[in-house]
């Protein structure tokens, strides 16, 4: 059997970078996207596995289709899609401008839709089906002041995940989502120690998470041991949200 192929959007840093490294270590042939040539080159410089990065704006249909068409032409198949790419444009709702709302929606929800649409038919041709793993957030479940746009987009990802799981299940394409809590990355490092300490007090495990812990769950959902799991949202949040 030929080597399985995994696509990771937003794979140049943070959680996405950890997922790229984990899936490549698991034996997948990994392709990942970044928003700029500079970010892709930086990822290539520090990556410890074999993976190929490309520039792709996942909010743009033409850019998405071109990326996936090239990937399928080169690899012949796509077995796993991890929709990780996302942005924040935080602000209190009454002060939030329409362009802040639109930019987050276009990347965090429309982008997931476009990427899922690009791989659905190719995955149907796979004898073993496929896996789609969407990165949501605890904010999409519980909301957060100052992040109405982000919360709405990530909640949309949860609904999209469940709908696709029902539509694609008969073709053995499993669709699940991961809802990380406060995960230490270069982005969250900028928030400062006071914010970090406040978050840690709200987490039963008493600490922030690691990107590698999210990647480990992604590895499980991509693999054969998750063959009877679809339409689910699994939290990686140290118990921050329960219920």
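What tally of residues in region 1-24 results from selecting those that are at pLDDT below 95 and either within 15 Å of residue 71 (Cβ to Cβ) or not in a loop (DSSP other than H, G, I, E, B) (or both)?
Counting residues in region 1-24 that are at pLDDT below 95 and either within 15 Å of residue 71 (Cβ to Cβ) or not in a loop (DSSP other than H, G, I, E, B) (or both) gives 2.
Those residues that are closer than 18 Å to residue 81 by Cα, within 20 Å of the chain's Cα centre (by Cα) and in a loop (DSSP other than H, G, I, E, B), I need them from region 192-232; list them, please.
Within region 192-232, 223, 227, 229, 230, 231, 232 meet the criteria.
To keep it simple, each residue is scored yes or no on (1) surrounded by 20 or more Cβ atoms within 10 Å (Cβ to Cβ); (2) on the phi < 0 side of the Ramachandran plot; (3) in contact with a strand residue (DSSP E or B) (Cβ under 9 Å, 6 or more places away or on another chain).
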position	(1), (2), (3)
178	yes, yes, yes
184	no, yes, yes
196	no, yes, yes
204	no, yes, no
213	no, yes, yes
222	yes, yes, yes
226	no, yes, yes
231	no, no, yes
237	yes, yes, yes
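Please work out if residue 241 is within 29 Å of residue 80 (Cβ to Cβ) and in contact (Cβ under 8 Å) with a residue 60 or more places away in the chain.
yes
The values are calculated or read from the model by the stated rules, or taken from the named source; none is laboratory data. Only a predicted model underlies this, so the values are computations on that prediction, with no experimental measurement involved. Quick reminder, even Gly has a Cβ in these numbers, built from the backbone with ideal geometry, and neighbours come from all protein chains shown.
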